[in-house]
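Data block below; observations after.
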Amino acid sequence: MAEEQGKGRIIKVSGPLVVAAGLDDPRMYDLVRVGRERLMGEVIELRGDEASVQVYEETGGLGPGDPVFTTGMPLSVELGPGLIESIYDGVQRPLNLLFDKAGNYITRGMEMPGLSRDKKWEFVPIVKAGDEVVEGDILGTVQESPVLEHRIMVPAGVGGRVQDIKGGSYTVTDVIATVGEGSDAAQVTMMQKWPVRRGRPFKKKLAPYAPLTTGQRVIDTFFPVAKGGTACVPGPFGSGKTVIQHQIAKWADADVILFIGCGERGNEMTEVLIEFPELIDPHSGEPLMKRTVLIANTSNMPVAAREASVYTGITIAEYFRDMGYQVALQADSTSRWAEAMREISGRLEEMPGEEGYPAYLGTRIAAFYERAGLVQCKCSGERVGSVTVVGAVSPPGGDLSEPVTQATLRVVKVFWGLEDKLAFRRHFPAINWLISYSLYINKVSEMWAELVDPSFKELRDLAMSLLQQESELEEIVRLIGVEALSSRERLVMEGAKSVREDFLQQNAFDDVDTFTSLEKQFLLLRLIMTFYEEAGKAIAADVEIGDVLAIPECEEIAHAKFISEENLNEFDVLERKVTEAIGGLIERKAEEEAEEKVPEGA
Amino acid sequence: MPIREYMTVRDIVGPLLLVERVQEAKYDELVEIEFPDGSVGLGNVLEVEGDKALIQSFEGTRGLDVSNTRVRFRGRGMELAVSRDILGRVFDGLGRPMDDGPEIIPDERININGSPINPFARDYPTDFIQTGMSAIDGLNPLVRGQKLPIFSGAGLPHSRLAAQIARQSTVLGAEMEFSVVFAAMGITFEDADFFMQEFRSTAAIERSVLFINLADDPAVERIATPRVALTAAEYLAFELGMQVLVILTDMTYYCEALREVSAARKEVPGRRGYPGYLYTDLATIYERAGRIKGESGSITQIPILSMPEDDKTHPIPDLTGYITEGQIILSRELHREGIYPPIDVLPSLSRLKENGIGEGKTREDHSDLSNQLFSAYARGKEAKELAVILGEAALTEEDKLYARFSDEFEDRFVRQGEFEDRTIEETLALGWELLKILPRAELKRVKKDQIEKYME
Ligand SMILES: Nc1ncnc2c1ncn2[C@@H]1O[C@H](COP(=O)(O)OP(=O)(O)OP(=O)(O)O)[C@@H](O)[C@H]1O
Ligand SMILES: [Mg+2]
């Protein structure tokens, strides 16, 4: 820990905000220690001799006269082996270690480094003495978990000829290499520190193009997010934001997952902690926890640390991106982060903007999402990594016109709009297909042709148009009743119903349904659309729509989502059966008509 | 720290006092306020700046003046004295005995704010609580350690419902008995008395602790009441290993008291005049529920709140719903139709249900059956709405069946007696029975083998 420098005194305490005077040369966003218990805080405003400090721990019992110490360091995270499988609070204190030390409750004044100082890691160099390296180059690797090779990079501001590098078993503070010459020579350890409020540098941003496959049908097929892209999930309480975020954390084809529980429920973090070590990643065959980092600053934990939690999370995400990994970050919920900003801003007596939020709300939100992206990493060679950000938004009363949702929608490229009406009907995920959108759909669907099938996009558009027609027809039904519809229109309604119930609806808690590969998504949608097309032919041939819907294969289509990933060939079989069954109906109809005609002609 | 006494009150605004020339006042410190008539009330420090302390008085400020009021700083936060003897007792909203019993000889004094449970220390709630009520057990089951509020409205039978839950709840298989911690905030004497009589008549009183702040008690006191009650609950659950059911009623009055203080401080208000930190404040109450690894006790919370104008998007129910693990919503319409309990099952939700039900807990068909009942009932209600506009005749045959299903569902599944205690098997059997109204092909949420097993 950094040495304390100047000592000042508290002059005011108001909730999480403390004002101190007499600090020696305080700087904005510097870390300070407050009170005799040395609580963690951060300078967020300077006026003359007075510094306003947001305190990351409960402030009960603090009062004027208590000491405050500067550290001369900005709030930073520790980056290095040991991040994976950790659960941290908003300022990177390991909650498991806090538990070991302090028991069931979070107590104050506990200092706790983010990375273990004792644990040894097996470092394998990949450069040798004499090689030239620049910032970001990989010096060597540590197999941090069975699925994650931790790449030790040349830290910022360091570069030159490698003087000395040694493999072996080291802690994160042991020197593993000396880089550079003379007075520029730097002793490199496996740990770096990075101030959380500053984005980590990269060479160049690229346009995202590859799908982040999440195994969630409505997302992957209808409103996909690209690797390096941004998405938001607004919705009223209980509409399924957290379940969607958890599903992405579980099944997305990312190398590293960063889940930030920002001002939400304690039990939801416990659920992740219990489930993830058990669940197996379909891509790697290893437990999901082996690629996951958790940040948990729940709603009852100090509000200032909640404000910091999203920055702590995204800085760790950027660090893994810089190694060349695809990182997916979920923030649940960004509204709680915004509320933390509002609370602190109110205590600072800043001029409020809309609904009491600070005037800089929009800027902060935009700057946060801007840290997502697909980038060429900073290094001498070519390396590409990405951070995908998915933020939940919790609009009061579900009203999307509120400031946080609006500020978010201005910057993100994918919008999954959740609706409570769908949730009440237990249509999950309750993503409203009429209001949601993805601006990546064209780019991403180009990849589908390669990954799955060239006709996927066309199928998807056809299904989408069915859903749109359905909503128009529903209006008519509401006004004049179902009789008013032609059989063609009734078929559209039935087709759309099948898309909704047999494709869009997906039960996160069913062992099979919880994850659907892109290939199975395609096959399932093709099956549904095949039925629709064949049924259209039948209706054109005057077959009663009721007879088409009565074929036993309809029930099988409804259960097709439960066909397991190992038996995907069953789709072809079923599709053939559907075509044959409806073909049979058309033939029979033709025969009947022919028979009817015979007596006339005879 | 010695007690410091001051007579330097400068301003009195609403429930707040500004005291000057104070030394070493601490944020959130407990104070005693001696009224000019000699009576003593309690308060705490909301803000300190230099030698000024801003204090909220739990007992209000009526009768205070600036020249004769004495303020004593106690050098610690507000605490509750606890021991096993709190069971069976009735306290006021600040935790002072108000029955005829003796003073509590404390084992411990605990700060009423508690500390946040480390998420890593939590154990996930997984034990099904049988409340004996189909609309809850079948569709929105309560789990040991859950926080599940009742969203109600003026004149709806939320008290009877909460009392029935308290009376009938058992943890299936373990036959654990619940202790009840009951906190009244701003409710009428009659409502509070209903609960007291209820606990007495079922002998549950020996396992209960009551904290009572009535409608004519000081409003600001209500800010402390749920915290005092939860401190008692944590003691019983995590030190004495008991299963504790906490009933908090009515959270709406709690929030109004908070708004009053916020307004007196001239804070920038959030929605509808409630403070911007209402979410965080409520979270520090509701999150004091749950289970902890290695502890046998648990806290299950049933907060009750009345929705102003029956509006679910009002900040109080809205923010509550964002924190709790679901909600039970009461419907005025069902109540008018004479259905008890008038639980509006569609917008009601238990988020922990998946972990509390199924094979080995309730029965393997429970989850699918409940999903099927939900969607069938939703469809039936839609059909009925359509029939209102277009007439019964405009419905398809299928829709007519759904409409009938929804009527019978309300009449037989939701409706039950106030003293009717249904086992989970009875509830599930009733659900399958009702599904017989619908065509087989419509039952997409349940599995074929379940249909064969439970419907034939
Ligand atoms: N895909 C799904 N499959 C099955 N059930 C779901 C699905 N999504 C949501 N649910 C149901 O909806 C409930 C609420 O979902 P969730 O907790 O994600 O809501 P939320 O939007 O995060 O609410 P809050 O804002 O209050 O946190 C879940 O507990 C679950 O019962
Ligand atoms: Mg959530």
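Compare the Cα positions of A:LEU466, A:SER386, A:PHE123 along the charge dipole of the protein assembly as shown (+1 at Cβ of Lys, Arg; -1 at Cβ of Asp, Glu; about the Cα centre) and return the one farthest towards the positive end.
It is A:PHE123.
For every helix of n ≥ 4 consecutive DSSP H residues, a contribution of -39,500 (n - 2.57) applies; sum these over chain B, divide by its total residues, and give [θ] at 222 nm rounded to the nearest 500 deg cm²/dmol.
Computed ellipticity for chain B at 222 nm equals -9000 deg cm²/dmol.
Give me the log10 of I(q) over I(0) for segment B:366-456 at q = 0.17, 0.20 Å⁻¹, as the Debye formula computes it from C-alpha points; what are the numbers?
Calculated log10 I(q)/I(0) at the listed q: -0.73, -0.94.
Over all residues in A:58-69, what is the mean tally of Cβ atoms on other chains that come within 10 Å of each residue's Cβ?
Partner-chain Cβ atoms within 10 Å, mean over residues of A:58-69: 6.
When the Karplus curve 6.51 cos²θ - 1.76 cosθ + 1.60 is applied with θ = phi - 60°, which whole-Hz ³J(HN,Hα) does each residue of segment B:301-306 get, with x for Gly and Pro?
Those phi angles translate into 10, 10, x, 10, 9, 9 Hz.
Just grab the label-to-label distance for A:SER183 and B:ASP37, each label 7 Å out from Cα along the Cβ direction, in nm (one decimal).
Those two pseudo-labels are separated by 8.0 nm.
Taking the simple approach of a point 7 Å from Cα along Cα-to-Cβ for both B:ASP216 and B:GLU433, what is their distance in nm?
4.9
Relative contact order for segment B:1-149: what percent, with Cα pairs under 8 Å and sequence separation of 6 or more?
19
Under a no-solvent Debye model with one identical scatterer per Cα of the protein assembly as shown, what's log10 I(q)/I(0) at q = 0.05, 0.06, 0.08 Å⁻¹?
One equal scatterer on each Cα of the protein assembly as shown leads to -0.35, -0.50, -0.88.
Given a Förster radius of 51 Å and the C-beta distance between A:ASP24 and A:SER284 as r, what FRET efficiency does 1/(1 + (r/R0)^6) yield to the nearest 0.05?
According to the calculation, E is roughly 0.50.
Within a 10 angstrom radius of each residue's Cβ in B:38-51, how many Cβ atoms of other chains show up on average? Whole number is fine.
Rounded to a whole number, the mean comes out at 3.
Between B:ASP107 and B:GLU177, what FRET efficiency comes out of the Förster formula 1/(1 + (r/R0)^6) with R0 = 22 Å and r the beta carbon distance, rounded to 0.05?
After rounding to 0.05, the efficiency reads 0.50.
Points 7 angstrom from Cα along the Cβ direction at A:ARG478 and A:GLU354: gap in nanometres?
Going by the 7 Å Cα→Cβ label model, 2.7 nm.
Applying a 10 Å radius around every beta-carbon, put B:414-421, B:224-231, A:40-47 in order of their mean neighbour count, most first.
B:224-231, A:40-47, B:414-421
Of the options B:GLN372, B:LEU214, B:PRO141, report the single residue whose Cα projects farthest towards the positive end of the charge dipole of the protein assembly as shown (beta-carbon charges: Lys, Arg +1; Asp, Glu -1).
Working it through, the farthest residue towards the positive pole turns out to be B:LEU214.
Going through segment A:171-251, which chymotrypsin sites (Phe, Trp or Tyr not before Pro) have at most 16 other Cβ atoms within 10 Å and a DSSP loop state?
Taking segment A:171-251 and a limit of 16 other Cβ atoms within 10 Å, the loop chymotrypsin sites (Phe, Trp or Tyr not before Pro) found are A:TYR209.
Can you check how the C-alpha radius of gyration of segment A:9-82 compares to 2.2 N^0.38 Å, as a plain ratio?
Its radius of gyration relative to the 2.2 N^0.38 Å reference: 1.07.
Could you work out the mean count of beta carbons from other protein chains within 10 Å of each residue's beta carbon in B:360-373?
Other-chain Cβ atoms within 10 Å of each residue's Cβ, averaged: 1.
Return the loop-located trypsin sites (Lys or Arg not before Pro) in segment B:44-132 (DSSP other than H, G, I, E, B) with at most 14 other Cβ atoms within 10 Å of their own Cβ; answer none if there are none.
Listed in order of number, the matching sites are B:ARG62.
Where a ≥ b ≥ c are the square roots of the eigenvalues of the C-alpha gyration tensor, would you call segment B:80-356 rounded, which needs a/c under 1.5, or, failing that, prolate if a/b is larger than b/c, or oblate?
Rounded, since a/c falls under 1.5.
Roughly how large, in nm² to one decimal, is the mean projection of the convex hull of the alpha-carbon atoms in chain A?
Computing the convex hull of the Cα atoms and averaging its projections yields 31.7 nm².
Measure nothing fancy, just the Cα-based angle from helix A:518-540's long axis to the longest principal axis of chain A, in degrees from 0 to 90, nearest 10.
In chain A, helix A:518-540 runs at an angle near 30 degrees to the longest axis.
With N residues in segment B:84-157, what two-decimal value do you get for its Cα radius of gyration over 2.2 N^0.38 Å?
1.58
Percent relative contact order of chain B, based on C-alpha pairs within less than 8 angstrom and at least six residues apart?
Normalised by residue count, the contact order of chain B is 16 percent.
Sequence neighbours fewer than 8 away in the same chain don't count; with that in mind, list the lysines whose C-alpha is under 20 Å from B:LYS147.
Within the straight-line limit of under 20 Å, B:LYS147 reaches these lysines: A:LYS241, B:LYS293, B:LYS312, B:LYS353, B:LYS361.
If you take the square roots of the eigenvalues of the alpha-carbon gyration tensor of segment A:204-441 and sort them as a ≥ b ≥ c, do you get rounded (a/c under 1.5), prolate (a/b over b/c) or oblate?
rounded
Scan segment B:125-202 for GluC sites (Glu not before Pro) in coil per DSSP, keeping those whose Cβ has at most 13 other Cβ atoms within 10 Å, and list them by number.
B:GLU175, B:GLU177
Efficiency by 1/(1 + (r/R0)^6): what FRET value for A:VAL134 and A:SER471, r their Cβ-Cβ distance, R0 = 45 Å, to the nearest 0.05?
Efficiency computed from Cβ-Cβ geometry: 0.20.
Could you give the size of the charge dipole of segment A:456-596 about its Cα centre, using +1 on the Cβ of each K and R and -1 on the Cβ of each D and E, expressed in debye and rounded to the nearest 20?
500
Since every read-out is calculated from the coordinates, none of them should be taken as a lab result. The model shown is predicted, which means the values in this text are computed figures rather than measured ones. Every residue, glycine as well, gets a Cβ built from its backbone with ideal geometry; the counts of neighbours run over all protein chains shown.
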